Amino acid sequence: MSATSFDAAYWSARYADGRDQWDTGTVTEPLRAYFAQLGPGDARRILIPGAGRAYEAEYLHSAGFEEVYVADIAPEALGALQQRVPTFPAAHLLLQDFFELEGPYDLIVEQTFFCALSPELRPRYAQQCAKLLRPGGKLMGLLFDGQVGPGNEPPFGGTREEYRRYFEPYFEFVHFDTAYNSIKPRADRELFICLQKKADTPA
Ligand SMILES: C[S@@+](CC[C@H](N)C(=O)[O-])C[C@H]1O[C@@H](n2cnc3c(N)ncnc32)[C@H](O)[C@@H]1O
């Protein structure tokens, strides 16, 4: 059973019905640009939670990153990656609830997963990211800046002030500002974040 009130059945139904408006069909530019500047030793173990069809994993895999893991509760999502990229290691496809994953990872990649969770789970998301990362590890990616959805189902937006409250106990803010290279439909509506786990983070 998922820890979210939007469970595996909910997400599977959205894939089956084509209600997958988040799906960009390719790696988005803010993530691609970040990945492109990573050195080989910068991020060995990478986790993409709530990965969906996981174009970021495909990009990293083809760029030679060998320890990329994708997690999702919807089998359709992981199946799509497996079909597109048969060389992606099957053992790195985690059909698991994010809140039950174990680390450690060097890097966690966020894109439209945080906004897919019920907002009351946000403090636990921040805590779980910190738990999954090694000290000094990073959580990077994109968060919606402001309201986005109808409010009764994902995506759920939020504010910078709210996000800061969740992440400050565990992370140093390396970058936390409007993304300059968002895809067009999300321009000026998303924050690019790069948060580094504090050495003395609470458990
Ligand atoms: C809005 S989609 C985003 C997918 C992907 N990140 C993207 O940008 O295309 C949210 C994804 O999170 C997955 N998901 C929702 N709750 C989850 C949980 N508790 N653990 C793991 N995956 C979850 C859903 O199945 C869905 O694939």
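A few points about this structure:
- Estimated inter-spin distance, GLN21 and VAL85, nm [label 7 Å along Cα→Cβ]: 2.7 nm
- Calculated from the alpha-carbon coordinates, segment 1-110 shows an Rg and a Dmax of 13.6, 41 Å respectively.
- The value given for the chain is a Kirkwood hydrodynamic radius of 17.0 Å, derived from the mean inverse Cα-Cα separation.
- Cα point-scatterer Debye curve for segment 86-136, base-10 log of I(q)/I(0) at q = 0.19 Å⁻¹: -0.74
- Toward the positive end of the charge dipole of the chain, with +1 on the Cβ of Lys and Arg and -1 on the Cβ of Asp and Glu, the farthest Cα among PHE6, THR159, ALA43 is that of ALA43.
- FRET efficiency, HIS175 to THR201 (Cβ-Cβ, R0 22 Å, nearest 0.05): 0.75
- Sequence ranges 144-155, 104-115, 72-83, ranked by mean other-Cβ count within 10 angstrom, highest first: 104-115, 72-83, 144-155
- Residues whose amide H falls under 5 Å from that of GLU190, counting only those 5 or more places apart or on a different chain, are ASP145, ALA179, with hydrogens built in the peptide plane.
- Of the solvent-accessible surface of the chain, computed with a 1.4 Å probe and all protein chains present, 51% belongs to carbon and sulfur.
- Taking all protein chains into account, the per residue accessible area for the chain stands at 46 Å² (1.4 Å probe).
- Rough spin-label spacing in nm, given labels placed 7 Å along Cα→Cβ, for THR159 and ARG32: 3.5 nm
The values are calculated or read from the model by the stated rules, or taken from the named source; none is laboratory data. Since the model is a prediction, treat every value here as computed from it, not as a measurement. Every residue, glycine as well, gets a Cβ built from its backbone with ideal geometry; the counts of neighbours run over all protein chains shown. With ligands, DNA and RNA removed, areas are computed over all heavy atoms of the protein, side chains included. Shrake-Rupley method; radii C 1.70, N 1.55, O 1.52, S 1.80 Å.
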